[in-house]
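The values are calculated or read from the model by the stated rules, or taken from the named source; none is laboratory data. These numbers come from a predicted model, not from an experiment. Please note: Cβ atoms are built from the backbone with ideal geometry, for glycine as well, and neighbour counts cover all protein chains shown.
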Amino acid sequence: MTASDAVPETFVPDRPTITAAVQLAGRAPSVHNTQPWRWVFDGTRLHLHRDNDRLLISADPHGRQLVISCGAVLHHVRTAFAAHGWHTDTVRLPDPEQRDLLASVEFRPWADPPAGVAARAHAIDLRHTDRLPMLPPNNWPELVHTARMLANPHDIELDALDAEAGVRLAAASQHATALRRYDMEYQAELHWWTGHSPAPEGIPRTALVSDAEFSRVPVGRTFPSAPHSTRRSEFEDQAQLLVLSSANDSMLDWLRTGEALSAVLLECTAAGQASCALTHITELPTARKTITGLLPHHTMPQVVIRVGTAPDGEVPPESLRRPVTDILSFRQG
């Protein structure tokens, strides 16, 4: 075969690969399952934009949880592309004049990504938020070590809380809930995004827990109650708690927090553990201050994660996702 007959090397995935990766990444966790992201492929780069129409005005007026959600989908999509054999070079916040543009991704072939990448990519479809009581996680010290190693490249600290710190965090969670109980705008917003089944966004009724079930979970966001049920009634919640924190509290810190969150949740799923990410405790300054006092370094807490074991591998119902055509567009130039 002559040089003129050689197939030219390409450094851009084809459209079906891009569509498949973005669709899989859409399984990323987001606050109230708002899925506040848009993707644009310009022929060379894939651009991640925040969708400000999905901002929670009352719960998240500065967009911190929105950007964390977008960070999670950014890591999800990079993991999906890696599983397809593509390395992603990412520039975060590439244009100060376009504040809704959070990242731009370029591609190059990657024949041998690390072994853990394939396991985490496979975990994307398996991961679900578990709001029910959990049994203790298995192999906890090893999982914490791995999770910390995954968070560190994103400049995010990961700390596991001991039992005493967990009690104080539970009190902070309950205090945050009490402060929000009579905030009518907050409650209206919360109800808007929950219980509308079936829908491609928001938290479906099937993913909610009853009052009886929630009473056995010390650390959790209070959602509208599901009809009475007593799932996992034979034990109290024994989940362990992780905290992701950042050096500062900028948009870049929020984006990197979401990336670290994605990596940790997928690793937990790959290890057979259930998980639930919580940001409500860090919405209010008083609760944030309490969490800061529980950490070994002076960092800004961003996300709390419950990790445990679901009995008999019980999987909670999944939340639906928006069609890929709603979140991805192709443009030339």
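Among the residues of the range 299-333, the ones that are closer than 29 Å to residue 217 by Cβ and part of a loop (DSSP other than H, G, I, E, B) come to 11 in all.
Here the range 45-82 is the region considered, the condition is being touching a strand residue (DSSP E or B) at 6+ places or on another chain (Cβ under 7 Å) and β-branched (Val, Ile, Thr), and the residue that is surrounded by the most Cβ atoms within 10 Å (Cβ to Cβ) is 68. A single entry from 179, 126, 150 fulfils the requirement of being surrounded by fewer than 17 Cβ atoms within 10 Å (Cβ to Cβ) and under 17 Å from the mean Cα position of the chain (by Cα): 126.
Count of the range 81-116 residues, restricted to those that are touching a Phe, Trp or Tyr at 6+ places or on another chain (Cβ under 9 Å) and in a helix (DSSP H, G or I), is 2. Exactly one residue out of 109, 96, 136, 114 is surrounded by fewer than 17 Cβ atoms within 10 Å (Cβ to Cβ), touching a residue at least 12 places away in the same chain (Cβ under 8 Å) and farther than 21 Å from residue 41 by Cβ, and it is 136. Looking across the range 262-298, the residues that are in contact (Cβ under 8 Å) with a residue 24 or more places away in the chain, more than 22 Å from residue 175 (Cα to Cα) and not in a helix (DSSP H, G or I) come down to 271, 272, 273, 274, 275, 296, 297. When you scan the range 49-66, do you find a residue that is assigned to a strand (DSSP E or B) and within 21 Å of residue 261 (Cα to Cα), even just one? Yes - at least one qualifying residue is present in the range 49-66. Restricting 242, 255 to residues that are assigned to a strand (DSSP E or B), surrounded by 15 or more Cβ atoms within 10 Å (Cβ to Cβ) and in contact (Cβ under 8 Å) with a residue 24 or more places away in the chain narrows the list to 242. Of 185, 213, 189, all but one fail to be assigned by TED's automatic domain parsing to the domain that holds residue 278, surrounded by fewer than 13 Cβ atoms within 10 Å (Cβ to Cβ), touching a residue at least 40 places away in the same chain (Cβ under 8 Å) and not polar (S, T, N, Q); the exception is 185.
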